Structures are given as C-alpha cells and as structure tokens.
Amino acid sequence: MTVITAFGLDEALARQGIDPATVSLDHLLGRRVRLVQFIDGYRAAVDPVLLAAAVPAEPGQRVLDLGLGAGAASLCLAARVPGLALVGVERHGGAAALARVNAGLAGAALTVVETDVGARLSGAEDPRAQPFDHVLTNPPFLEDIRAAPPPDPGRRAAHVEDGIGLDAWIAAGLKRLKPGGSFTIVMRADRLAGILTALTGPAGDIRVLPVHTVDDGRPAKRVIVQARKGRRAPLTLLAPLVLAGEGRNWTPTVRAVLEEAAALSLDAPPRR
C-alpha cells in the first residue's frame, strides 16, 4: 500500500489525474478518517458511516464494498477494525481515483477494482476471486425509470441505477460471500420490498433497522438491512434508530458512531 501524508496529497492527486482545485479534504469519525471528495460531485454524508458501523467485521477478515465511491464506508470500517483486507468495486473513474488517494491517506489495505458491480471476474488473480467474510454496499437509490438524472456524472453514478438493478446488485454481493457471511446494505426505505425479495432464499437471519432523522412520527426514510448467506433464521424488525433529538443534536448512540467510531449493533435484544 502507498501511505500518503498531507504534504504529499497534491502529488498523489496528480498521479491519479485529479486537479487539486476540484476537491476538498474532509473528515469523518471525529477526524479519524480523512476523505478527499469532489467539490461539485457526490459527497459522503451519514449513510456510509452508519453502514460501516453496522458491519460485524473482525481483524483479519476480507470485506467487499460494492459501489465504493471515494471510499468513505470502507475507510470508516478500516478505522474501526484493524487488519482488514478490503476490496472495493467502483465503475466511475473519478470516484475510483479518489478512493485510491484516500486509501493512501489512511494507509489502508484497500484494493480498488474499477469495473461494474456485475462484471465477471477477470481471472484467478482478480481481487474478487476469493470469497469474502462480509459485503457492504450503498448502491444508487433511484431506479432509472423514476429518476431525473443529476447533470454531474459523479452524482448521477451515485444516485441513479445504470445497467444493473437492485436485485442484480444484491445477487452480485451474495455471490462473493462465504457461507454464513454477512451482507449489509443502506437504502431508501421505499425500496425495502425489493431488498427482501432479493435476499430471501439465498440468505436469511435478515435484520431490518429503520432509520429516522428525528422522532416526529413520520415514516423512516432509510433502512439498514443485514442478512447472512445460507442462513434460515426468521426476519427481525429492529427498533428504529433516531439520528437526532432535541435541538437537532445527534442522539447518544449516533454520536458514538459518527464521532467515536463505535459499532452499530444489529443484534436484537432477547425475546421475553
């Protein structure tokens, strides 16, 4: 891996063909993760941080990130769990280039594969060839038939499906998992039915975590869903996660995740 210091950032960007004037250097996890992002493109927010916190990875395991973007979710996971072997798949060339730079900033063992999520393996040496312990993904939220595509190509790639639907995206992740491995996805709540349809059969022990911005009685806008390949345990609908409380301040659980790199457990409390 190549470790990049702040002083070598401009040089690292130049090697990837990125104009330093087009990016900003931001921070996640209480400044544990430095993230270079395009100023005018897709910019990581809360979703990839929550996604990474929900992955039950342990040191030494292999993790696949489908739709890597600039690497926010993978690098947040690497900051929480040391010693992971991370592989990220990203089709958008600009985002893949940023992910390489960000992996260097973090000194993380992240291999970037610039291809479509559903692309076939290129051979036995393909980084995706060996099965993974965990797959995480923050896929495009919008179906192409329902979306008004953003003009920026980076935003369009991040938000709108193009050539591979949600069911095929999930199937690609499950295909790369070891038996019993976890698949974790963050998605708009109105697409939950499609997620459950794609998971049911190949996976089980499905955990659904509704995510609410505030506790105002409105429906959840996001869900985090986790399943285990080949398991047959029934589905669990977890108590909602509320992001912000009074004064729009983060709730204690969310603050611990976003600022202290805490894990977000999807284990259900014992049944009474």
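Would it be correct to say that Ala78 is in contact with a helix residue (DSSP H, G or I) (Cβ under 8 Å, 6 or more places away or on another chain), open to solvent by 10 Å² or more (accessible area, probe 1.4 Å) and assigned to a helix (DSSP H, G or I)? Let's see the steps before the verdict.
Values: in contact with a helix residue (DSSP H, G or I) (Cβ under 8 Å, 6 or more places away or on another chain): yes; open to solvent by 10 Å² or more (accessible area, probe 1.4 Å): yes; assigned to a helix (DSSP H, G or I): yes.
Criteria met by Ala78.
Which of the residues that make up the stretch 21-49 are part of a strand (DSSP E or B) and surrounded by fewer than 22 Cβ atoms within 10 Å (Cβ to Cβ)? Show your work before the answer.
Taking the stretch 21-49 and keeping what is part of a strand (DSSP E or B), we get 23-28, 33-38.
Residues satisfying the conditions are Val23, Ser24, Leu25, Asp26, His27, Arg34, Phe38.
Answer yes if at least one residue in the stretch 54-62 is surrounded by 17 or more Cβ atoms within 10 Å (Cβ to Cβ), closer than 25 Å to Trp169 by Cα and touching a helix residue (DSSP H, G or I) at 6+ places or on another chain (Cβ under 8 Å), and no otherwise. Step through it out loud before you land on a result.
Of all residues in the stretch 54-62, those surrounded by 17 or more Cβ atoms within 10 Å (Cβ to Cβ) come to 54-57, 61-62.
Then keep just the ones that are closer than 25 Å to Trp169 by Cα; that gives 54-57, 61-62.
Adding the requirement that they be touching a helix residue (DSSP H, G or I) at 6+ places or on another chain (Cβ under 8 Å) leaves 55, 57.
Checked against the condition, which is being surrounded by 17 or more Cβ atoms within 10 Å (Cβ to Cβ), closer than 25 Å to Trp169 by Cα and touching a helix residue (DSSP H, G or I) at 6+ places or on another chain (Cβ under 8 Å), the stretch 54-62 yields at least one hit.
Report whether or not Ala95 is more than 11 Å from the chain's Cα centre (by Cα) and more than 20 Å from Leu264 (Cβ to Cβ). Reasoning before the result, please.
On the way: more than 11 Å from the chain's Cα centre (by Cα): yes; more than 20 Å from Leu264 (Cβ to Cβ): yes.
Against the criterion (more than 11 Å from the chain's Cα centre (by Cα) and more than 20 Å from Leu264 (Cβ to Cβ)), Ala95 qualifies.
What are the residues in the stretch 208-225 that are out of contact with any strand residue (DSSP E or B) (no Cβ under 7 Å at 6 or more places or on another chain) and in contact (Cβ under 8 Å) with a residue 24 or more places away in the chain, if any?
Of the stretch 208-225, the ones out of contact with any strand residue (DSSP E or B) (no Cβ under 7 Å at 6 or more places or on another chain) are 216-219.
Selection gives Pro219 alone.
Condition test on Asp144, is it open to solvent by 20 Å² or more (accessible area, probe 1.4 Å), modelled with pLDDT of 95 or more and of a type in the set (Asp, Glu)? It would help to see each step written out before you state the result.
On the way: open to solvent by 20 Å² or more (accessible area, probe 1.4 Å): yes; modelled with pLDDT of 95 or more: no; of a type in the set (Asp, Glu): yes.
When the stated conditions are applied, Asp144 does not pass them.
Taking Gly245 and the conditions (1) at pLDDT 95 or above; (2) of a type outside the set (A, V, I, L, M); (3) in contact with a strand residue (DSSP E or B) (Cβ under 9 Å, 6 or more places away or on another chain); (4) open to solvent by less than 80 Å² (accessible area, probe 1.4 Å), which numbered condition does it fall short on, given that it satisfies the others?
(1)
Using the structure shown, decide if Gly173 is surrounded by 15 or more Cβ atoms within 10 Å (Cβ to Cβ) and modelled with pLDDT of 95 or more. Show your work before the answer.
On the way: surrounded by 15 or more Cβ atoms within 10 Å (Cβ to Cβ): yes; modelled with pLDDT of 95 or more: yes.
Spelling it out, Gly173 is indeed surrounded by 15 or more Cβ atoms within 10 Å (Cβ to Cβ) and modelled with pLDDT of 95 or more.
Provide a single number: the residues in the stretch 108-139 that are open to solvent by less than 40 Å² (accessible area, probe 1.4 Å) and under 19 Å from the mean Cα position of the chain (by Cα).
Of the stretch 108-139, the ones open to solvent by less than 40 Å² (accessible area, probe 1.4 Å) are 108, 110, 112-113, 115, 117, 119, 123, 126, 128-129, 132-139.
Now narrow it down to the ones that are under 19 Å from the mean Cα position of the chain (by Cα): 108, 110, 112-113, 115, 117, 119, 128, 132-139.
Residues flagged as open to solvent by less than 40 Å² (accessible area, probe 1.4 Å) and under 19 Å from the mean Cα position of the chain (by Cα) within the stretch 108-139 amount to 16.
Only residues in the stretch 226-249 that are touching a residue at least 40 places away in the same chain (Cβ under 8 Å) count as the first member; pair them with residues that are among the hydrophobic types (A, V, I, L, M, F, W, C) and open to solvent by 40 Å² or more (accessible area, probe 1.4 Å), Cβ under 7 angstrom, at least 6 apart or cross-chain, and list the lot.
What qualifies is Leu243/Trp250.
Of a type outside the set (A, V, I, L, M), on the phi < 0 side of the Ramachandran plot and either open to solvent by less than 20 Å² (accessible area, probe 1.4 Å) or modelled with pLDDT of 95 or more (or both): does that describe Asp10? Show your work before the answer.
Numbers: of a type outside the set (A, V, I, L, M): yes; on the phi < 0 side of the Ramachandran plot: yes; either open to solvent by less than 20 Å² (accessible area, probe 1.4 Å) or modelled with pLDDT of 95 or more (or both): no.
In short, no.
Only one of Ala45, Ala72, Ala21, Ala99 is at pLDDT below 95 and under 27 Å from Leu174 (Cβ atoms); which? Write out each step before concluding.
On the way: Ala72 fails: at pLDDT below 95; Ala21 fails: under 27 Å from Leu174 (Cβ atoms); Ala99 fails: at pLDDT below 95.
Ala45 is the lone residue from the list that is at pLDDT below 95 and under 27 Å from Leu174 (Cβ atoms).
Let's see how each residue does on (1) at pLDDT 95 or above; (2) open to solvent by 60 Å² or more (accessible area, probe 1.4 Å):
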{"site": "Val186", "(1), (2)": "yes, no"}
{"site": "Thr200", "(1), (2)": "yes, yes"}
{"site": "Gly217", "(1), (2)": "no, yes"}
{"site": "Gln226", "(1), (2)": "yes, no"}
{"site": "Leu235", "(1), (2)": "yes, yes"}
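Just give me the residues in the stretch 248-272 being surrounded by 13 or more Cβ atoms within 10 Å (Cβ to Cβ) and more than 26 Å from Arg34 (Cα to Cα), in sequence order. Break it down into steps so the answer makes sense when it comes.
The initial filter retains those residues of the stretch 248-272 that are surrounded by 13 or more Cβ atoms within 10 Å (Cβ to Cβ), namely 250-251, 253-259, 261-266.
Residue satisfying the conditions is Leu266 alone.
Please find, among Ala99, Ala70, the residue that is more than 17 Å from Phe132 (Cα to Cα), without any contact (Cβ under 8 Å) to a residue 40 or more places away in the chain and in a loop (DSSP other than H, G, I, E, B).
Working: Ala99 fails: in a loop (DSSP other than H, G, I, E, B).
Criteria check complete, one pass: Ala70.
The values are calculated or read from the model by the stated rules, or taken from the named source; none is laboratory data. This one's a predicted model, so the numbers in the text were calculated from it and none came from an experiment. For neighbour counting, all protein chains shown are included, and Cβ atoms are generated from backbone atoms with ideal geometry for every residue, glycine included. Accessible surface areas use protein heavy atoms only, side chains included; no ligands, DNA or RNA. Shrake-Rupley method; radii C 1.70, N 1.55, O 1.52, S 1.80 Å.
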